Amino acid sequence: MTVAQPRPFPVLLVEDDEHDIRAISRVWEGLRPDHPLIVVQTAEECLAYLRREGIFADGIRHPWPGILLLDLELPGLKGLGLLRILKTAERFRRLPVVVLTQHGTRENVRRAYDLGASSVVVKPTGVEPLREALARLVSFWEAASLPDPTDRA
């Protein structure tokens, strides 16, 4: 049996906290520069990106992500609200969504999975724990069979 080689895929991070954006971006660049990290700061901006609206209309400059990393605590439409929209809309349903949260309460984890999250990861504090968590996350998704990004209903 032949296993497909991991392919570089863009990762869309939906995060509003500047400290977390800097930390994740810094770790990501050292960890996986072949998987570009794209950052948007609100659920509304994420939807515009995925819908190819406004400044995100150019699909070449703004490629479809292989996975989406989603913070729960966003301004405006919260992460769980965005997750609900993504998993009920046919065109976004197959996009893997990994919830990143600082509040890994039983309720948040349950609600995220109930809404269709692919996984839930509690954001570790400190650079090295963050690096380890992101490395495990990427290793898993590189080994997984990701949906074909051109196969969007």
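Please treat every number below as a calculation from the coordinates, not as lab data. This one's a predicted model, so the numbers in the text were calculated from it and none came from an experiment. All Cβ positions, glycine included, derive from the backbone under ideal geometry; neighbour counts span all protein chains shown.
General remarks:
- Note on residue 84 and residue 25: their simple-model spin labels are 3.1 nm apart, each label 7 Å out from Cα toward Cβ.
- Within the chain, helix-based [θ] at 222 nm, where runs of 4 or more DSSP H residues each add -39,500 (n - 2.57), nearest 500: -12000 deg cm²/dmol
- The convex hull around the C-alpha trace of the chain, projected and averaged over every direction, spans 9.5 square nanometres.
- Trypsin sites (Lys or Arg not before Pro) restricted to DSSP loop in the range 1-79 with at most 11 other C-beta within 10 Å: 61
- Gained length - residue 57 relative to residue 105, 0.36 nm times residue gap less alpha-carbon distance: 13.6 nm
- If the convex hull is drawn through the Cα atoms of the range 29-71, its volume per residue in Å³: 86
- Charges were assigned to the Cβ only: +1 to each Lys and Arg, -1 to each Asp and Glu. The resulting dipole of the chain about its Cα centre is roughly 440 debye.
- DSSP-loop GluC sites (Glu not before Pro) across the range 28-57, with at most 16 other Cβ within 10 angstrom: 53
- C-alpha center-to-center spacing [the range 54-122, the range 13-49] in angstrom: 13
- Loop trypsin sites (Lys or Arg not before Pro), the range 91-129, which have at most 16 other Cβ atoms in a 10 Å radius of their Cβ (DSSP): 91, 93, 94
- At full extension, residue 143 and residue 77 could sit 20.6 nm farther apart than now, given 0.36 nm per residue minus the alpha carbon distance.
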